[in-house]
Amino acid sequence: MTVQISPSILSADFARLAEEAKAVDGADWLHVDVMDYHFVPNLTLGLPVVESLGKATDIPLDCHLMIEHPDRWAPAYVDAGASSVTFHAEAASAPVRTAREIRAKGARASMALNPGTPIEPYEDLLPELDMVLIMTIEPGFGGQPFLDVTLPKIRRTRALIEKHGLEIWLQVDGGVSAATIERCAEAGADVFVAGTAVYGAEDPAAAIRGLRAQAEAACAHPRAGGR
Ligand code: DX5
Ligand code: ZN
């Protein structure tokens, strides 16, 4: 497993997004939270901003759609420049078709699960996906405390990925910080979204290096009771 860090621009200065992308030197992805005020009680940005941001940075965009009707909108985010598009299981009515459309346009397809949504009903869909995102908070806002109750699901998802011999990345999003990233890595996550922990730090690039080192060490030495 290769550890990847995806800083969330939700915690960045939205008036200076191009500069904020430059501040996260060393990031593997730039995590872009799209919220529609319906699927979640918050509103952020949409296609035009993703398109402009993609032109302003070389870091690939990891678009996390917290929106209703992702079946209709997800493929357009690939056209807008996203290299990975995540839709929510709770919002999608045709997840297989949506994942196939994302892939057909050349991006990575990913499905997200809220804390109360189990992975098991989606086991048969895993081959259609390049990544599963386990929300480690209720989506909608940055800066919320990490929910430990999601750790068993991270373990079960990793076990299902291994059972089927798939190369699916396992992303965690919400409350990921120096205090919590090791627990996520030990449970089987390999892609880590961090908003506050990166953009709230004095030196965001140094924060990324620190998080990566912690996750790599935890992956290499999983504690008993971990994976
Ligand atoms: C929240 C978003 C997250 C958010 C995480 O719904 O999906 O990506 O930016 O922020 P932190 O890392 O501060 O919890
Ligand atoms: Zn997110």
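The values are calculated or read from the model by the stated rules, or taken from the named source; none is laboratory data. Only a predicted model underlies this, so the values are computations on that prediction, with no experimental measurement involved. Every residue, glycine as well, gets a Cβ built from its backbone with ideal geometry; the counts of neighbours run over all protein chains shown. Heads up: the accessible areas ignore ligands, DNA and RNA and are worked out on the full protein's heavy atoms, side chains in. Shrake-Rupley method; radii C 1.70, N 1.55, O 1.52, S 1.80 Å.
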Subset of the stretch 129-144 that is more than 11 Å from ligand 2 (Cβ to nearest atom) and in contact with a strand residue (DSSP E or B) (Cβ under 7 Å, 6 or more places away or on another chain) - its residue that is nearest to Leu113 (Cα to Cα): Ile134
Contacts under 7 angstrom Cβ, first residue in the stretch 1-28 being touching a residue at least 24 places away in the same chain (Cβ under 8 Å) and farther than 19 Å from Gly210 by Cα, partner buried (at least 21 other Cβ atoms within 10 Å of the Cβ) and hydroxyl-bearing (Ser, Thr, Tyr), 6 or more apart: none
For Ser83: the one exception among (1) more than 14 Å from ligand 1 (Cβ to nearest atom); (2) hydroxyl-bearing (Ser, Thr, Tyr); (3) out of contact with any Pro (no Cβ under 8 Å at 6 or more places or on another chain): (3)
From the options His64, His88, residue that is touching a Phe, Trp or Tyr at 6+ places or on another chain (Cβ under 7 Å) and not hydrophobic (A, V, I, L, M, F, W, C): His88
Some residue of the stretch 220-227 being charged (D, E, K, R), away from ligand 1 (no atom under 16 Å from the Cβ), touching a Lys or Arg at 6+ places or on another chain (Cβ under 8 Å) and touching a residue at least 24 places away in the same chain (Cβ under 8 Å): yes
Members of the stretch 1-20 found to be within 15 Å of ligand 1 (Cβ to nearest atom) and more than 13 Å from the chain's Cα centre (by Cα), listed by number: Ser11, Ala12, Asp13, Phe14, Leu17, Glu20
Per-region count, the stretch 93-130, residues under 23 Å from Glu162 (Cβ atoms) and touching an Asp or Glu at 6+ places or on another chain (Cβ under 9 Å): 13
Residue among Ile168, Ile161 that is more than 16 Å from ligand 2 (Cβ to nearest atom), in contact with an Asp or Glu (Cβ under 7 Å, 6 or more places away or on another chain) and either at pLDDT below 95 or open to solvent by less than 20 Å² (accessible area, probe 1.4 Å) (or both): Ile168
Gly142 part of a loop (DSSP other than H, G, I, E, B) and in contact (Cβ under 8 Å) with a residue 60 or more places away in the chain: yes
Filter result for Asp148 (without any contact (Cβ under 8 Å) to a residue 12 or more places away in the chain and either buried (at least 17 other Cβ atoms within 10 Å of the Cβ) or farther than 16 Å from Val32 by Cα (or both)): no
Every pair of residues 6+ apart whose Cβ atoms lie under 7 Å, when the first sits in the stretch 180-208 and is within 8 Å of ligand 1 (Cβ to nearest atom) while the second is open to solvent by less than 20 Å² (accessible area, probe 1.4 Å) and β-branched (Val, Ile, Thr): Val193/Val172; Val193/Val176; Ala194/Ile5; Ala194/Val176; Ala197/Val176; Val198/Val24; Val198/Ile208
In the stretch 14-36, the residues that are under 19 Å from Gly175 (Cα atoms) and among the charged types (D, E, K, R): Asp28, Asp33
Cβ-Cβ under 8 Å pairs, at least 6 apart or on other chains, the stretch 57-86 side farther than 17 Å from Leu10 by Cβ, far side of a type in the set (Phe, Trp, Tyr) and not in a loop (DSSP other than H, G, I, E, B): Pro70/Phe87; Asp71/Phe87; Ala74/Phe87
